[in-house]
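Here the structure is laid out as C-alpha coordinates; the discussion comes afterwards.
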Amino acid sequence: MIPNITMIFQTNKEIKNIISVSPNFQHVLSLKENTKTGETYYYRSYFGILGRPKEKLPYQTNGRFKVDWLTDDIAAVTYKAKDKTVHQYIGTYGDRGTGISYYYVAAQIYGVWEGENARITNETEGLSVTVNGKTEIYKWDQVVQFGTLAIVLMKNNEAVWTVALNKDFNVEAAEKGETPGTILLYKATMGKTEPILLKRVSSSM
(Lines give C-alpha, C1' and ligand atoms only; values in the text may rest on other atoms or scores of the structure.)
Protein backbone atom coordinates (compact mmCIF):
# COMPACT_ATOMS: atom_id res chain seq x y z
CA MET A 1 0.00 0.00 0.00
CA ILE A 2 2.81 2.44 0.89
CA PRO A 3 4.54 2.14 -2.54
CA ASN A 4 1.18 2.68 -4.28
CA ILE A 5 0.43 5.81 -2.24
CA THR A 6 3.95 7.11 -2.92
CA MET A 7 3.53 6.53 -6.66
CA ILE A 8 0.19 8.39 -6.72
CA PHE A 9 1.71 11.32 -4.81
CA GLN A 10 4.69 11.52 -7.17
CA THR A 11 2.42 11.34 -10.23
CA ASN A 12 0.26 14.16 -8.90
CA LYS A 13 3.37 16.29 -8.43
CA GLU A 14 4.35 15.71 -12.05
CA ILE A 15 0.92 16.58 -13.44
CA LYS A 16 -0.40 20.14 -13.45
CA ASN A 17 -4.17 20.44 -13.88
CA ILE A 18 -5.67 23.48 -15.59
CA ILE A 19 -9.43 23.60 -15.06
CA SER A 20 -11.86 26.37 -15.96
CA VAL A 21 -15.68 26.38 -15.81
CA SER A 22 -17.71 28.26 -18.42
CA PRO A 23 -19.63 31.39 -17.33
CA ASN A 24 -22.95 29.52 -17.57
CA PHE A 25 -21.55 26.50 -15.65
CA GLN A 26 -22.39 24.16 -18.54
CA HIS A 27 -18.87 23.28 -19.70
CA VAL A 28 -15.50 22.53 -18.14
CA LEU A 29 -12.19 23.08 -19.87
CA SER A 30 -9.61 20.60 -18.61
CA LEU A 31 -5.91 20.42 -19.45
CA LYS A 32 -3.25 18.20 -17.93
CA GLU A 33 0.39 19.17 -18.27
CA ASN A 34 3.29 16.85 -17.55
CA THR A 35 5.68 19.26 -15.83
CA LYS A 36 8.70 17.12 -16.68
CA THR A 37 8.11 16.68 -20.41
CA GLY A 38 6.03 19.77 -21.16
CA GLU A 39 3.40 17.63 -22.88
CA THR A 40 -0.14 18.89 -22.35
CA TYR A 41 -3.37 17.08 -23.17
CA TYR A 42 -6.84 18.52 -23.67
CA TYR A 43 -9.52 16.43 -21.97
CA ARG A 44 -13.19 16.07 -22.80
CA SER A 45 -15.89 14.48 -20.66
CA TYR A 46 -17.34 11.25 -22.00
CA PHE A 47 -19.35 9.73 -19.15
CA GLY A 48 -20.65 11.88 -16.32
CA ILE A 49 -17.70 13.40 -14.48
CA LEU A 50 -15.16 11.16 -16.21
CA GLY A 51 -12.86 12.55 -18.88
CA ARG A 52 -10.39 11.26 -21.41
CA PRO A 53 -7.67 12.95 -23.47
CA LYS A 54 -8.96 14.25 -26.79
CA GLU A 55 -5.68 15.56 -28.22
CA LYS A 56 -2.23 16.77 -27.34
CA LEU A 57 -1.30 20.43 -27.65
CA PRO A 58 1.17 20.71 -30.55
CA TYR A 59 3.94 22.51 -28.63
CA GLN A 60 5.79 21.70 -25.42
CA THR A 61 4.53 24.09 -22.77
CA ASN A 62 6.39 25.97 -20.04
CA GLY A 63 3.69 25.88 -17.36
CA ARG A 64 2.07 29.26 -18.03
CA PHE A 65 -1.54 29.20 -19.20
CA LYS A 66 -4.22 31.88 -19.52
CA VAL A 67 -7.85 30.86 -20.05
CA ASP A 68 -10.56 33.26 -21.25
CA TRP A 69 -14.09 32.24 -22.15
CA LEU A 70 -15.00 34.23 -25.26
CA THR A 71 -18.57 32.91 -25.10
CA ASP A 72 -20.28 30.29 -22.95
CA ASP A 73 -19.03 27.60 -25.33
CA ILE A 74 -15.65 28.90 -26.54
CA ALA A 75 -12.60 28.83 -24.27
CA ALA A 76 -9.34 30.39 -25.50
CA VAL A 77 -6.20 28.96 -23.90
CA THR A 78 -3.15 31.15 -24.43
CA TYR A 79 0.18 29.63 -23.46
CA LYS A 80 3.90 29.90 -24.03
CA ALA A 81 5.93 27.08 -25.48
CA LYS A 82 9.37 26.18 -24.20
CA ASP A 83 10.91 28.16 -27.08
CA LYS A 84 9.01 31.23 -25.71
CA THR A 85 6.63 31.46 -28.67
CA VAL A 86 2.97 32.27 -27.95
CA HIS A 87 0.22 29.87 -28.97
CA GLN A 88 -3.51 29.46 -28.57
CA TYR A 89 -5.65 26.39 -28.22
CA ILE A 90 -9.41 26.81 -28.48
CA GLY A 91 -11.79 24.53 -26.62
CA THR A 92 -15.19 24.51 -28.33
CA TYR A 93 -18.38 23.04 -26.89
CA GLY A 94 -21.13 24.13 -29.25
CA ASP A 95 -22.22 24.79 -32.81
CA ARG A 96 -23.73 27.65 -34.78
CA GLY A 97 -25.47 25.46 -37.33
CA THR A 98 -27.67 22.38 -37.16
CA GLY A 99 -25.06 20.45 -35.22
CA ILE A 100 -25.06 17.59 -37.74
CA SER A 101 -22.65 18.89 -40.37
CA TYR A 102 -19.11 20.26 -40.39
CA TYR A 103 -18.41 23.69 -41.86
CA TYR A 104 -15.41 25.96 -42.25
CA VAL A 105 -15.43 29.04 -40.05
CA ALA A 106 -13.44 31.13 -42.53
CA ALA A 107 -15.99 30.39 -45.26
CA GLN A 108 -18.84 31.59 -43.04
CA ILE A 109 -17.28 34.99 -42.37
CA TYR A 110 -17.08 36.13 -45.99
CA GLY A 111 -17.23 39.84 -46.67
CA VAL A 112 -16.05 42.77 -44.56
CA TRP A 113 -16.41 43.01 -40.79
CA GLU A 114 -15.83 46.06 -38.64
CA GLY A 115 -15.61 46.87 -34.94
CA GLU A 116 -13.89 49.41 -32.71
CA ASN A 117 -10.59 50.23 -34.47
CA ALA A 118 -10.71 46.81 -36.13
CA ARG A 119 -11.58 45.38 -39.52
CA ILE A 120 -11.50 41.89 -41.05
CA THR A 121 -11.78 41.30 -44.78
CA ASN A 122 -12.18 37.84 -46.24
CA GLU A 123 -10.03 38.01 -49.37
CA THR A 124 -9.15 35.52 -52.08
CA GLU A 125 -5.67 34.84 -50.70
CA GLY A 126 -6.69 34.83 -47.04
CA LEU A 127 -7.93 37.00 -44.19
CA SER A 128 -6.89 40.63 -43.89
CA VAL A 129 -6.90 41.93 -40.32
CA THR A 130 -6.58 45.64 -39.55
CA VAL A 131 -6.30 46.83 -35.95
CA ASN A 132 -5.48 50.43 -35.00
CA GLY A 133 -4.47 51.17 -38.59
CA LYS A 134 -2.04 48.24 -38.92
CA THR A 135 -2.94 45.59 -41.51
CA GLU A 136 -1.68 42.02 -41.83
CA ILE A 137 -2.78 39.31 -44.26
CA TYR A 138 -3.01 35.70 -43.13
CA LYS A 139 -2.93 33.19 -45.96
CA TRP A 140 -5.18 30.16 -45.78
CA ASP A 141 -2.33 27.88 -44.71
CA GLN A 142 -1.87 30.17 -41.69
CA VAL A 143 -5.45 29.61 -40.55
CA VAL A 144 -6.04 26.79 -38.02
CA GLN A 145 -9.63 25.76 -37.27
CA PHE A 146 -10.90 24.49 -33.89
CA GLY A 147 -14.20 22.67 -33.90
CA THR A 148 -16.82 24.66 -35.81
CA LEU A 149 -16.60 27.84 -33.74
CA ALA A 150 -13.16 29.42 -34.05
CA ILE A 151 -9.97 29.81 -36.05
CA VAL A 152 -6.49 30.88 -34.97
CA LEU A 153 -4.39 33.05 -37.27
CA MET A 154 -0.67 32.21 -37.26
CA LYS A 155 2.40 34.24 -38.23
CA ASN A 156 6.05 33.14 -37.91
CA ASN A 157 5.02 30.01 -36.02
CA GLU A 158 3.10 31.98 -33.40
CA ALA A 159 -0.58 32.62 -32.78
CA VAL A 160 -1.59 36.22 -33.42
CA TRP A 161 -5.39 36.32 -33.39
CA THR A 162 -8.38 34.13 -32.69
CA VAL A 163 -11.54 34.76 -34.70
CA ALA A 164 -14.64 33.22 -33.11
CA LEU A 165 -18.30 33.00 -34.07
CA ASN A 166 -20.24 34.86 -31.40
CA LYS A 167 -23.24 33.26 -29.69
CA ASP A 168 -25.65 35.17 -31.98
CA PHE A 169 -24.01 33.88 -35.18
CA ASN A 170 -26.27 31.77 -37.40
CA VAL A 171 -24.64 29.62 -40.08
CA GLU A 172 -27.86 29.04 -41.99
CA ALA A 173 -28.41 32.80 -42.27
CA ALA A 174 -24.82 33.27 -43.45
CA GLU A 175 -25.23 30.62 -46.15
CA LYS A 176 -28.42 32.32 -47.38
CA GLY A 177 -26.64 35.67 -47.64
CA GLU A 178 -28.60 37.11 -44.73
CA THR A 179 -27.19 38.97 -41.72
CA PRO A 180 -25.44 36.16 -39.81
CA GLY A 181 -24.73 37.81 -36.46
CA THR A 182 -21.42 38.96 -34.99
CA ILE A 183 -17.89 37.62 -34.62
CA LEU A 184 -15.12 38.16 -32.07
CA LEU A 185 -11.48 39.06 -32.62
CA TYR A 186 -9.21 38.09 -29.73
CA LYS A 187 -5.50 38.88 -29.43
CA ALA A 188 -3.04 36.08 -28.63
CA THR A 189 -1.17 37.52 -25.66
CA MET A 190 -0.35 36.46 -22.13
CA GLY A 191 -1.39 39.94 -20.98
CA LYS A 192 -4.92 41.07 -20.23
CA THR A 193 -7.05 41.69 -23.30
CA GLU A 194 -10.71 41.79 -24.29
CA PRO A 195 -12.28 40.36 -27.45
CA ILE A 196 -13.33 42.91 -30.08
CA LEU A 197 -16.89 42.65 -31.38
CA LEU A 198 -17.26 42.94 -35.16
CA LYS A 199 -20.34 43.22 -37.37
CA ARG A 200 -20.50 42.51 -41.09
CA VAL A 201 -20.73 45.73 -43.07
CA SER A 202 -20.52 44.19 -46.53
CA SER A 203 -21.09 40.73 -47.95
CA SER A 204 -18.48 41.34 -50.67
CA MET A 205 -14.77 42.14 -50.48
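The values are calculated or read from the model by the stated rules, or taken from the named source; none is laboratory data. This one's a predicted model, so the numbers in the text were calculated from it and none came from an experiment. FYI the Cβ positions are ideal-geometry reconstructions off the backbone, even for glycines, and counts take in every protein chain you see. Ligands, DNA and RNA are excluded from the accessible area calculation, which covers all protein heavy atoms including side chains. Shrake-Rupley method; radii C 1.70, N 1.55, O 1.52, S 1.80 Å.
Here are the numbers for the structure shown:
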{"item": "Apportionment of accessible area to carbon and sulfur, the chain, percent (1.4 Å)", "result": "51 percent"}
{"item": "Label assignment, percent of Cα pairs over 21 Å apart derived from the structure, set (1) 55; (2) 60; (3) 50", "result": "(1)"}
{"item": "Highest average packing first - 79-92, 20-33, 158-171, Cβ atoms within 10 Å", "result": "158-171, 79-92, 20-33"}
{"item": "Karplus 3J(HN,Hα) series, Hz, for the range 29-39 with 6.51 cos²θ - 1.76 cosθ + 1.60 (x for Gly, Pro)", "result": "8, 9, 10, 10, 10, 7, 5, 7, 9, x, 7"}
{"item": "Whole-number accessible area per residue in Å² for the chain, which is evaluated in the context of all protein chains at 1.4 Å", "result": "56 Å²"}
{"item": "Under the Karplus curve 6.51 cos²θ - 1.76 cosθ + 1.60, θ = phi - 60°, whole-Hz ³J(HN,Hα) for the range 125-131, x wherever Gly or Pro sits", "result": "8, x, 9, 9, 10, 10, 9"}
